[in-house]
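Where a number appears in this text, it was derived from the coordinates with a stated rule and is not lab data. Fair warning: this is a prediction, and the values are worked out from it, not measured in the lab. Reconstructed Cβ throughout: ideal geometry from the backbone, glycine too, with neighbour counts over all protein chains shown.
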Amino acid sequence: MSHSKRVYQRRELLLNKPTNVVLGIDESNVISSGTDNAIVSSKASSINTFYGIGGPPERSTIVGGWNSAINGATGSMIAGATSCTIQAPDITDQQSYSAIFGGFGNHLATERVGFNVIAGGNNHTMTGRTSMSGIVGGLNNTIAAESSQTVMAGGKNNVAQTASGASFFGGGWGNTMTNAERCAIIGGQNNLILNMDDAVMLGCTGRTATAPQTVHVDKLAIMNIPTSPFGLPVGTVWRYGNALYII
């Protein structure tokens, strides 16, 4: 019996769904429900209805990796990841059109249409009514509770929660946004933006943002300060000798 023939017979035995496909000879891969789903060259992975309450998954795919699962999620993908999960929390809020690419122990369980992505990194989590957000690289980062359109790039133990939407984390350790929209924390550690919008923290350590529409920084080095005010717009800093002035 050819390899391709064995794969075809295994698919029919497990699925009883002609539009679902399992390609590979590892016997622990399972698609238990739904249509137009596929598991390709993965090990110990599954596509299921989540605890019997989520809607049947459709058009979802697991490619490569090991021990990953898509539970009740439509139009989603896990590729080259280990011990990662995309799941719908219930039948009315089906997680859809999201993806996990690479990484270990990453988990997507948001409650809206989705359009979320986790790319690489370890032990990241996205939950709550979050959509159109992403985590790229890093360790133990979390986006939760209506923090849509938010991105975390690198860093570890960073948290966006309680409606912290349209915000950005660039690296850093242990930084948190709570109810903070259109904000950014770049680098630094153990900083907090709480209950304010349009605030930025740059390279701070152990600070709490004090005002909206404000850039917070511990130290500031300006390398090329103009020495004449002529032609400069209002609000520009310039210097005369060692004295600084603002137009």
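Annotations for the structure displayed:
- Fraction in percent of alpha-carbon pairs per bin - 5 Å, the stretch 70-190: 3, 14, 25, 25, 19, 10, 3, 1, 0
- Helical content of the chain, expressed as a calculated mean residue ellipticity at 222 nm, amounts to -1500 deg cm²/dmol (DSSP H runs of 4 or more residues, -39,500 (n - 2.57) each, divided by residue number, nearest 500).
- In a fully extended conformation the segment linking THR205 and ALA163 would gain 12.8 nm over its present Cα-Cα distance, using 0.36 nm per residue.
- What the Cβ-Cβ distance of THR236 and ASP198 gives, at R0 = 25 Å and to the nearest 0.05, is a FRET efficiency of 0.75.
- Degrees separating the helix 3-15 axis from the principal Cα axis of the chain, which is the longest one: 90
- Calculated FRET efficiency for the pair SER41/MET223, C-beta based, R₀ 41 Å, to 0.05: 0.20
- Percent of alpha-carbon pairs separated by more than 26 Å within the chain: 49
- Potential lengthening of the chain between THR214 and SER28 amounts to 61.6 nm, from the contour at 0.36 nm per residue minus the alpha-carbon distance.
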